[in-house]
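Just below is one structure, and these are the notes that go with it.
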Amino acid sequence: MFVDTHAHLYFEKYDEDRDFLIRSFTENSVEAVITIGTDPINSRECIKLAEKYHNIYASVGYHPTDLGDLKESDLNDLRSMINHEKVVAIGEAGLDYYWDNVPREKQKKFFIKQLELSLEENIPIIIHNRDADSDMMEIIENISPVYSGVFHCYAGDLKMAEKLIERGFYISFTGNITYKKSDRSEIIEKLPLNKLLLETDSPFMTPVPFRGKRNDPNFIKYVAEKIASIKQISLDEVAFHTTENAKRLFNLNK
């Protein structure tokens, strides 16, 4: 059984078949899915989905490219949402200098506030980092010596990943590791299996052989198969360890 630790099941692309899709997860060996919020509105949608389906959990947070007109006072709303019994993480939070559509200082401010909330409330944080390695590591190193969380769709180098693991983070990979131009193999090979998580980032990052189609959590096994191939271990071993990692980090047995 697999756990998809990062999907966006509230997207309109699922409106026509969301219920059927979610009910198909178990028969496709998907034990649980965490659906990830990026702003106040869709974070509440994540909670609604988690309330409706036993195998869906929610993460609530403010994505760096979705900050828009949000004010620091909006973080109080986030604080109230994390008290819900099906909310297992804060995020997707972080820095994104690729799109750079939000002032960097505002991105940093909201990221730091969400990091601090994660530490204060002892709840994991799901981190988005794109083209911002230097500022990201400066913040991580300055705020706390140890964390509970994951860097999703990891795009950094091996040295950075090792530093993050030392501070308590897990590293997660998605369907882009199956692409011909992927440069993730060496990193995956060298990282310890007990610090890896699986994700689809649905509806994005559809793995081969379905690239070009809508992604969904039923395709998580193709990410696991690629990791098994790179590490030269069995698919069952990848499934067991990544599922245990997810349950441990997000307390999914509660």
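Within segment 109-128, the set of residues being open to solvent by 20 Å² or more (accessible area, probe 1.4 Å) and outside any loop (DSSP other than H, G, I, E, B) comprises LYS109, ILE112, LYS113, GLU116, LEU119, GLU120, GLU121, HIS128.
Go through segment 202-218 and count every residue that is in contact with a helix residue (DSSP H, G or I) (Cβ under 7 Å, 6 or more places away or on another chain) and not small (Gly, Ala, Ser). Give the steps one after another, and end with the answer.
Restricting attention to segment 202-218, the residues satisfying the condition of being in contact with a helix residue (DSSP H, G or I) (Cβ under 7 Å, 6 or more places away or on another chain) are 202-203, 205-208, 210, 214-216, 218.
Still in the running and not small (Gly, Ala, Ser): 203, 205-208, 210, 214-216, 218.
Number of matching residues: 10.
For segment 42-59, a tally of residues being open to solvent by less than 10 Å² (accessible area, probe 1.4 Å) and not polar (S, T, N, Q) returns 4. You will find that of ILE56, ILE22, the residue that is at pLDDT 95 or above and under 19 Å from GLY91 (Cα atoms) is ILE56 and no other.
Does any residue of segment 147-169 turn out to be surrounded by 23 or more Cβ atoms within 10 Å (Cβ to Cβ), in a helix (DSSP H, G or I) and of a type in the set (Gly, Ala, Ser)? Within segment 147-169 (the criterion being surrounded by 23 or more Cβ atoms within 10 Å (Cβ to Cβ), in a helix (DSSP H, G or I) and of a type in the set (Gly, Ala, Ser)), the answer is no, since none of the residues qualifies. Screening the candidates ASP96, ASP77, ASP69 for the property of being open to solvent by less than 10 Å² (accessible area, probe 1.4 Å) and of a type in the set (D, E, K, R) yields one hit, ASP96.
Looking only at residues of segment 212-246 that are within 23 Å of ILE22 (Cβ to Cβ) and basic (Lys, Arg), we find that the one that is surrounded by the most Cβ atoms within 10 Å (Cβ to Cβ) is LYS221.
Every residue in segment 5-41 that is of a type in the set (Val, Ile, Thr) and either more than 15 Å from the chain's Cα centre (by Cα) or surrounded by fewer than 22 Cβ atoms within 10 Å (Cβ to Cβ) (or both), please. Of everything in segment 5-41, those that are of a type in the set (Val, Ile, Thr) and either more than 15 Å from the chain's Cα centre (by Cα) or surrounded by fewer than 22 Cβ atoms within 10 Å (Cβ to Cβ) (or both) turn out to be ILE22, THR26, VAL30, ILE41.
Note on segment 26-52: residues that are in contact with a Lys or Arg (Cβ under 7 Å, 6 or more places away or on another chain) and either part of a strand (DSSP E or B) or of a type outside the set (A, V, I, L, M) (or both) amount to 2. Of the residues making up segment 129-146, those that are in contact with a Gly (Cβ under 7 Å, 6 or more places away or on another chain) and open to solvent by 30 Å² or more (accessible area, probe 1.4 Å) are ASP133, VAL146.
For segment 193-207, give me each residue that is open to solvent by 70 Å² or more (accessible area, probe 1.4 Å) and either closer than 24 Å to TYR14 by Cα or hydrophobic (A, V, I, L, M, F, W, C) (or both).
Step one: of segment 193-207, the residues open to solvent by 70 Å² or more (accessible area, probe 1.4 Å) are 194, 204.
The answer is PHE204, and nothing else.
The C-beta contact set for segment 10-23 (first residue part of a loop (DSSP other than H, G, I, E, B), second residue of a type in the set (Val, Ile, Thr), distance under 7 angstrom, 6+ apart or interchain) comprises TYR10/THR35. Just one of the numbered conditions (1) free of Cβ contacts under 8 Å to residues at least 40 places away in the same chain; (2) surrounded by 24 or more Cβ atoms within 10 Å (Cβ to Cβ) is not true of VAL88: (1).
The values are calculated or read from the model by the stated rules, or taken from the named source; none is laboratory data. Just so it is clear, the structure is predicted and the values come from calculations on it, not from any experiment. Cβ atoms come from the backbone with ideal geometry, glycine included; neighbour counts cover every protein chain shown. The accessibility values were calculated without ligands, DNA or RNA, using every heavy atom of the protein model including side chains. Shrake-Rupley method; radii C 1.70, N 1.55, O 1.52, S 1.80 Å.
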